[in-house]
Amino acid sequence: MVYDDGAGDKLYEGGDGWTTANGTAGKLDPDNYFKQATMQLATPTYINFFNPQDYALRSWWTNNRMKPDGPTYDFTMDHGFERDPILGGLVELHFEGDRYEIFAYCMESRVRALGASASVNGAFAGQEVNLMAAPFNYEAEHPGHSKQFRSHIQAQRQYWQRVLDRFGL
């Protein structure tokens, strides 16, 4: 899946190929799903608030490359994504009803985590805020991950003011 129309597979770092298809047997058009025109049907404004050194997102790529998350999930070219409830047999997953489960446990992303990436194109082009820079000064280690939700609102006033300003509220 790609949130950046121009990224393609260029951010892939593994070198040994993908273990899941970029979409499955025509059930999802990955080249259209996250394109800017498609995304802007939901909202005209996308802003990338990112922390390039976020400790949790540094390990995100490793987790991403281990998908599908076995032994419960699997991918085959014949059946697409499947969940094995251990005793009940295989259950095919479909994007129409199982999209979030597929994204979370099955399908490898083709690009880095959005919240750790600068200079993103597509719907996010030119709309970014580096959370490590002043006045935010988010840390690379644990307190800097999700700090805007884990801290007092008064301490995060600068962050929330920037959110309101960027969205024109």
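The values are calculated or read from the model by the stated rules, or taken from the named source; none is laboratory data. Since the model is a prediction, treat every value here as computed from it, not as a measurement. When we count neighbours, we look across all protein chains shown, and the Cβ atoms used for this are built from the backbone with ideal geometry, even at glycine.
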inquiry  = Considering only residues that are part of a loop (DSSP other than H, G, I, E, B), modelled with pLDDT under 90 and crowded, with 17+ Cβ neighbours inside 10 Å, which ones fall in the stretch 132-169?
reply    = His145
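Quick check, is Val129 under 28 Å from Gln40 (Cα atoms), part of a strand (DSSP E or B) and touching a residue at least 12 places away in the same chain (Cβ under 8 Å)?
Working: under 28 Å from Gln40 (Cα atoms): yes; part of a strand (DSSP E or B): yes; touching a residue at least 12 places away in the same chain (Cβ under 8 Å): yes.
The answer is yes for Val129.
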message = With the requirement that a residue be surrounded by 17 or more Cβ atoms within 10 Å (Cβ to Cβ) and assigned to a helix (DSSP H, G or I), what does the stretch 99-113 give you?
response = Ile102, Tyr105
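Would you say Glu96 is over 24 Å from Trp60 (Cβ atoms) and surrounded by fewer than 17 Cβ atoms within 10 Å (Cβ to Cβ)?
On the way: over 24 Å from Trp60 (Cβ atoms): yes; surrounded by fewer than 17 Cβ atoms within 10 Å (Cβ to Cβ): yes.
Spelling it out, Glu96 is indeed over 24 Å from Trp60 (Cβ atoms) and surrounded by fewer than 17 Cβ atoms within 10 Å (Cβ to Cβ).
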key: Test: residue in the stretch 6-29 that is within 30 Å of Trp160 (Cα to Cα), modelled with pLDDT of 70 or more and not hydroxyl-bearing (Ser, Thr, Tyr)   = no
